[in-house]
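This report concerns only the one structure given below.
The values are calculated or read from the model by the stated rules, or taken from the named source; none is laboratory data. Everything numeric here is computed off the predicted structure, so don't read it as measured data. Here the Cβ positions follow ideal geometry from the backbone for every residue, glycine too, while neighbour counts run over all protein chains shown. Side chains included, ligands, DNA and RNA excluded: accessible areas come from the protein's heavy atoms. Shrake-Rupley method; radii C 1.70, N 1.55, O 1.52, S 1.80 Å.
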Amino acid sequence: MADDTSSPMDRFCGSTFWNATETWYTNDPDFTPCFEQTALVWTPCAFYWAFVIFDFYYLKASLDRNIPWNKLNVSKALVNLGLLVITALDLIMALVKKGGDSELPLYDLDVWGPIIKFATFLLVFIFIPLNRKYGVQTTGCQFIFWFLLTVLSIPRCRTEVRLDAERQKILNSQQPSEQDFSWEEYQFVSFFIFFTFTSIMLILNCFADGMPRQTKYQRGENEIPELSASFLSRITYQWFDKMALKGYRNPLKEKDLWDLRPQDSCSEVMPIFAHHWNQNVRKNYKNKARVEPKAQFSNGNVTFENPHGEKNGRKKGLASIMPPIYKSFGGVFLFGALMKLFTDTLTFAQPQVLSLIISFVEAQDAEPEWKGILYAVLLFVLAAAQTFILGQYFHRMFIVGLRIRTALINAIYRKALRISNSTKKESTVGEIVNLMAVDAQRFMELTTYLNMIWSAPLQIGLALYFLWQQLGPSVLAGLAVMIILIPVNGVIASRINTYQIRQMKYKDERVKLMNEVLSGIKVLKLYAWEPSFEKQVLDIRDKEIATLRSTAYLNAGTSFLWSCAPFLVSLVTFATYVLIDENNVLDATKTFVSLSLFNILRFPLTMLPMLITNLVQTQVSVNRINKFLNSEELDPNSVLHDSSKPHPMSIENGEFSWGDEITLRNINIEVKKSSLVALVGTVGSGKSSVVQAFLGEMEKLAGVVNTVGKLAYVPQQAWIQNATVRDNILFGQTYDRKRYNKVIDACALRADIDILSAGDLTEIGEKGINLSGGQKQRISLARAVYSDADLYLLDDPLSAVDAHVGKHIFEEVIGPKGILARKSRVLVTHGVTFLPQVDSIYVIKMGEISESGTFDQLVKNKGAFADFIIQHLQEGNEEEEELNQIKRQISSTADVPELLGTVEKAIKLARTESLSDSISVTSADSLMGGGGSLRRRTKRQDSHDSVASAASLKKKQEVEGKLIETEKSQTGGVEFAVYKHYIKSVGIFLSVATLVLNFVFQAFQIGSNLWLTQWANDQNVANDTGLRDMYLGVYGAFGFGQVLSKYLSGLALAIGGLHCSMNVFNKLLNTGLKWPMELFDTTPLGRILSRYSKDVDTVDSVLPAITVQLLNTCFGVLATIVVISLSTPIFLAVIVPIAFLYYFAQRFYVATSRQLMRLESVSRSPIYSHFSETVTGASTIRAYNVGDRFIEESDAKVDKNQVCKYPSVIANRWLAIRLEMVGNLIILFASLFAVLGGQTNPGLVGLSVSYALQVTQTLNWLVRMSSDIETNIVSVERIKEYGETKQEAPWELEQDKNKPKNWPQEGRVEFQNFQVRYREGLDLVLRGVSFNIQGGEKVGIVGRTGAGKSSLTLALFRIIEAAGGRISIDGVDIASMGLHMLRSRLTIIPQDPVLFSGSLRINLDPFEIKTDDEIWKALELSHLKSFVKSLAAGLNHEIAEGGENLSVGQRQLVCLARALLRKTKVLVLDEATAAVDLETDDLIQKTIRTEFKECTVLTIAHRLNTILDSDKVIVLDKGQIIEFASPTELLDNPKSAFYSMAKDANLV
């Protein structure tokens, strides 16, 4: 035994524990047996005991139970048992063979060694049945334990084998030995059995256990493989391979995605968050009276408490979302933070190992070779460990981010269903949706970086500490440079920010203008105004380009600063270091360890400022969300449901407000069972408010509101969901065909549904965009009727429908014989017609009930009600027969002469006004053959109803002759042609210059680094300051070269990007305006607009930024390869396989990830659109009490978005792990070859390894950037595709110049066998029309809807080109001239007046060629002069988008003024249908008769009386002329078609 100086460990083993000469200072290293049996076994055991707590946590957190016994877990148990037996046997054998009488002493090791092992194996063994019971399929701690145990047992294998060989030698030698080797033999055998078993356990732990039998959530076919992936597969993301492969083979579809992990779904995340939120809310109350159990998850409903609380609970302040977030998701976050701490420490271990490698090379053969290999492998192991841990860290953080987003979106959604009206008034729907779209999203982006708050300062501190060790105080000089650069960058960034805000402003202006141009494109073409608007757009675009230019220069500046920062820092530091003190000499170790530390420093220093701005933004988001979640909610107790009251609905002494002044006072209303109560009153008297009061939507100041039974509500503005017609009516109830059909017939929806393309399964666009007002209203009513409630609140459901439809609905649904006859109903109405049939009437005036009673009682009273009727009749909206009915009703009740007089007048008015013909809709002309298909309408206000039915007819056509072409979603890669197009747009010279300059920059960089190695290796520098200064000077010069080339390349790229933006946009605009009209008809506006907004934006700002980064990373990787190959040429051999691996990872990733991103963004918008729909329809949802269903729908949409989001997060990790492993291989080979290749130059070795250490990051970025380029270059592709579409005929032709200035002089118009169709492949609309109009004749054109009237005018303007025959004006074929020549010489007053935003003057004379006097003259003639005079700005009066701030009549008059200004020989008057009141109509007719006396006027008439005095009438039917003669002639012939039309219109 050794003497007493031995360490306690030596005594414990009975042999030496550590012997440096044997282990380190030798060519054949080995550990001592004592070290192998203690340290190398106890390390894994200690690890397991330390981390076993995680295994317990996973048991607790598992959602599954009961894994069946299977081969895997049975073998685990058996092998583990074997290990227990072996260990027990070791202990017994030791006690038997040693100590006591035997000559072998018994050491502590022989007893404690087996005991420690036994205890650990027992613990592992206990977990086998536990994991089975709790459904845990794999555990990381056990895998790592077996892995460590196996790897650390390898040295002992070698020792045992050697000892055995020595024993055999002794035994085989001649002299018989006295020694008894039985104990050693036993140990030899026992150890190898133990080693085999641990290796088997390691292999078994590579696989995951079977599927659990009981799971909390149904596991579908499509479950995510991660749930049952083994630990090894989880850390390498090998389970994702299937998806990557599938995505590579063909583009992923939604059905290829996996289900969501249950623990990320709303149903798991919400209860936790709600529980902590409610706790937090309760803490904010002073009165602790309310103690509630934790958030119950009763049948899937999470209850959130209202932080606004009862009126009495005094509040301490806002409840914040932060504490609940910490409590709900903090655990995972902390675990992530722990991992981050690990990786940070590993990062700093790398430069230390690097310094060991350099000193190994410096020592040149003094050290044994195995040390070099050890260092190289160690570097690789560190890097690999860092890769795996970082992968898990980011994964965890993303999950936390996703969960926080889920929790916030749902909390906001649930709150939005309950906010009070005063809260709603404070913010628009858009702002509330932004809380969800922007603010909740921001959290998700922040979580990944949040740990940088402590990690960045830690990294900076550590780096400085190690740097100080290398270079002493001169580090501070370098640090100072870094710190100075931060504010400089900050200043530039804030400048960029201001420019960006400005650019956004211009962009919005430009997009808004483009939107108007595209919406009014038809008018622009008819007037030949495109050049003027093109110029306006280009003016805005020039301003935008100017800001872009400034931004681009600044961006070049920042990227230049950051690329040169590391160099500047090292230059300053090294210069300071060598100049401070003569004795300071740079050697390879100092130089390269410092360089790699500086590289580590760069990241936290760039991150901190970004992080801080991000934090500030998130803080703003937190405040906004807090404000919203703490806002006032509706009081659920404002409406009582007391069934003991006599009537089902009543308000007693009610006083209500909308949050500010009192709106309703002294309201007493009783609705008896099964009665119909009408609320009438003038506009704004508070009728709808009474309905809202019944619903509990208003703030109740006094009184009692009581409703008993199930409610149904029809709001004034119908609220339609983006779903099928049927779903809108069922509204969540089951489909009962009989009842459903009954409801549809009653609500007069049958005809509309027949017209729709897919019947009642037609999808309705957002906000019911493809339905008319009347259709929406009827669907809303059908929803109420179908819901079969007890109480009905109908808020003016008949306002938007035609009179006869209204009558039908009243009779079939609302009235005493309707479906709802047995229900209690409150009807708000404007129509006088139905009042005689209601049970009682409440007249509301100024927010009070002025009188109530039956119709007869009220008429007798001669009070407010009689006034109401008189006022109503004077507006003259009623039909003749209905008025007669009222007349009878009134005359039977009482003698009220003035009332009767009013009725008589109204009847007269109604007679004169019948219209001849239902409305024509230009586009419907071509689609609906005869006019018989539409019910004849006899009412002018409801034009929009039939417009819509025509539109819906058009829809039917769409399915057969698909109108809107579906957008091609780009899949797969992008052709090379697109890149070529992009490079051409940038400019060949600039593209080449950028590449060359980047190349020069890298050359300078490599040069300066090679110079450094030269300097570090030069032994003479120590004695010669002149030499030292020369080195320093040249180093500085290299630096200057870098700075210059970098700046120039940045500039070249910036200018190139601008060039490209200008070229691309100008071409897009120019070709876009020259599209023929049919393309605008078949392409939805939004799609064209997105080319002008999103795609142009991508080309403007996204692509240049990505290109810069792509070039940097690309050249960075090249530089690394060059440097490593310079120092160790053999490295080139490894490059090929590595490049192969890299290429494959990249291709797989790009294909899969691109498709996942697309799917994700497609699945994200429904969340927001569903939300904004909910916010708009909140009162309806509450009235029908279906909030829970909507919450479930929202949850499902969020989950669906997660389904797409999660794989794309994983795809990033999958790629990162694979790429970083490729990078780690580069590190391994670079360092291995440096050590083994007999490289004698320590500087070069340092250089190549420090380059290799950076390469992992660069590779990662390279793939990201190249995939970003592919995703974004698609914009260039789309723009290119739009620039290459078919164009209309040329605007200007050479021969136009010879035409006389005032052509056409006579205005003779001649059609010769003219044929036209709307688009290729459709039927002819005009089939051989021939007629001749003399100059100055006035001609009316009539015909049923769809007869081809509008097509005639469109053909005259060549909006649609002839399919046969010709049109000539003054004998000139119009097809032979430029479009602008033709269109600018004709005048049209279009049917729907289109105005553009801008001054009134621009709207009249966009080319600014007329004088003020001419304009005023035109305004006077069009009866607008006095109006314009009254405006403050006069002619410069700003007109809102679409002319919103003028009445429809005024807009029509502006169009008249345009025509007067232009005043050409041929005027086409496409008569305004319903837009104009009679007065305006008379004005227009009068002006036209006087001002256009000499001109040829073609009038497309909808009211026959306007054309009775024209010279000729053309009657069209089905695209052919059936009659062409003067009106008097035709009226004399009772057989003519014209006569029968006139008869229908009561004109004959």
Å² per residue, accessible surface of segment 1284-1395 at 1.4 Å: 40 Å²
For the pair E1494 and T23, the simple spin-label estimate (label points 7 Å beyond Cα toward Cβ) gives in nm 11.5 nm
Roughly how many Å is it from the Cα centre of segment 415-437 to that of segment 502-545, as a whole number? 33 Å
With charges only on Cβ, +1 for K and R and -1 for D and E, what is the dipole size of segment 189-251 about its Cα centre, in debye, rounded to 20? 140 debye
Against the rule of thumb 2.2 N^0.38 Å, how large the Cα Rg of segment 67-114 comes out: 1.67
Any chance you could look up the accessible area of K1074 with a 1.4 Å probe, heavy atoms only, rounded to 10 Å²? 60 Å²
Using a probe of 1.4 angstrom, how much of the accessible area of segment 1435-1528 is carbon and sulfur, in percent? 49 percent
By average Cβ neighbour count within 10 Å, what is the ranking of 801-807, 50-56 from highest down? 801-807, 50-56
Rounded to two decimals, what is Rg over Rh for the chain when you use alpha-carbon atoms and the Kirkwood radius? 1.06
Got a number for carbon plus sulfur as a percent of segment 415-473's accessible area, 1.4 Å probe? 63 percent
With a Förster radius of 60 Å, plug the Cβ-Cβ distance of D635 and E221 into 1/(1 + (r/R0)^6) and report the FRET value to the nearest 0.05. 0.80
How big is the gap, in Å, between the Cα center of segment 1001-1062 and the Cα center of segment 1505-1527? 86 Å
Gain in span if fully extended, K535 to L1547, counting 0.36 nm per residue against the direct Cα distance: 359.3 nm
As I understand it, the dipole of the chain uses +1 on the Cβ of Lys and Arg and -1 on the Cβ of Asp and Glu, about the Cα centre. Which of I651, S420, N583 lies farthest toward its positive end? I651
When you have a sec, figure out the Kirkwood radius of segment 1147-1235 from all distinct Cα pair distances and drop it here in Å to one decimal? 16.3 Å
E1306/K505 FRET efficiency (R0 41 Å; Cβ-Cβ; nearest 0.05): 0.20
To the nearest 20 Debye, how big is the dipole of segment 583-718 about its Cα centre, given +1 on the beta carbon of each Lys and Arg and -1 on that of each Asp and Glu? 420 debye
Report the label-to-label distance for S199 and T1071 in nanometres (one decimal), using points 7 Å from each Cα along the Cα→Cβ vector. 6.7 nm
Taking Cα centroids, how far is segment 1356-1433 from segment 366-385 in Å? 84 Å
If you take the alpha carbon radius of gyration of segment 1303-1399 and divide it by 2.2 N^0.38 Å, what ratio comes out, to two decimals? 1.13
Report the charge-dipole magnitude of segment 96-201 in Debye, nearest 20, computed about the Cα centre from +1 at each Lys and Arg Cβ and -1 at each Asp and Glu Cβ. 700 debye
If you roll a 1.4 angstrom probe over the protein chains with everything in place, what fraction of the accessible area of segment 1175-1319 belongs to carbon and sulfur, to the nearest %? 51 percent
Stretched fully, the stretch from Q1520 through M322 gains (0.36 nm per residue minus C-alpha distance, one decimal, in nm) 423.9 nm
Pick out, from I325, V1108, I662, the residue whose Cα sits farthest towards the positive end of the charge dipole of the chain, with +1 on the Cβ of Lys and Arg and -1 on the Cβ of Asp and Glu. I662
Can you divide the C-alpha Rg of segment 1400-1548 by 2.2 N^0.38 Å and report the result to two decimal places? 1.22
Which of the cysteines found in the chain have nothing to pair with, since no other Cys Cβ lies under 4.7 Å from theirs? C45, C141, C157, C206, C266, C564, C747, C1060, C1114, C1204, C1455, C1495
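So what is the accessible area of segment 1399-1548 per residue, in Å², with the probe set to 1.4 Å?
With all protein chains present, segment 1399-1548 gives 45 Å² per residue.
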Give me, ordered by chain and number, the residues 5 or more places off A702 or on other chains with an amide H under 5 Å from its own placed amide H. E655
Relative contact order, percent, segment 1215-1361 [alpha-carbon distance under 8 Å, six or more residues apart]: 15 percent
Mind ranking M1157, M9, M649 by accessible surface for me, highest first, 1.4 Å probe? M1157, M9, M649
If I model a spin label at L122 and A1037 as a point 7 Å from the Cα along the Cα→Cβ vector, what separation in nanometres do I get? 7.7 nm
Using a Förster distance of 51 Å, the FRET efficiency for R1147-D1482 (Cβ separation, nearest 0.05): 0.10
Considering the dipole of the chain built from charges on the beta carbon (Lys and Arg +1, Asp and Glu -1) around the Cα centre, which of L1354, V1209, L245 is farthest to its positive end? L1354
Divide the volume of the convex hull of the Cα atoms of segment 697-845 by its number of residues and quote the answer in cubic angstrom per residue. 133 Å³
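Of K645/K710; K1465/K1486; K1067/K1094; K980/K1205; K415/K845, which sit over 23 Å apart, Cα to Cα?
Where the Cα-Cα span goes over 23 Å, the pairs concerned are K980/K1205; K415/K845.
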Quick one: ranking D256, D365, D1544 by accessible area, 1.4 Å probe, largest first, what do you get? D365, D1544, D256
What is the angle, in °, between the Cα long axis of helix 773-786 and the longest principal axis of the Cα atoms in the chain? Nearest 10 is fine, range 0 to 90. 70 degrees
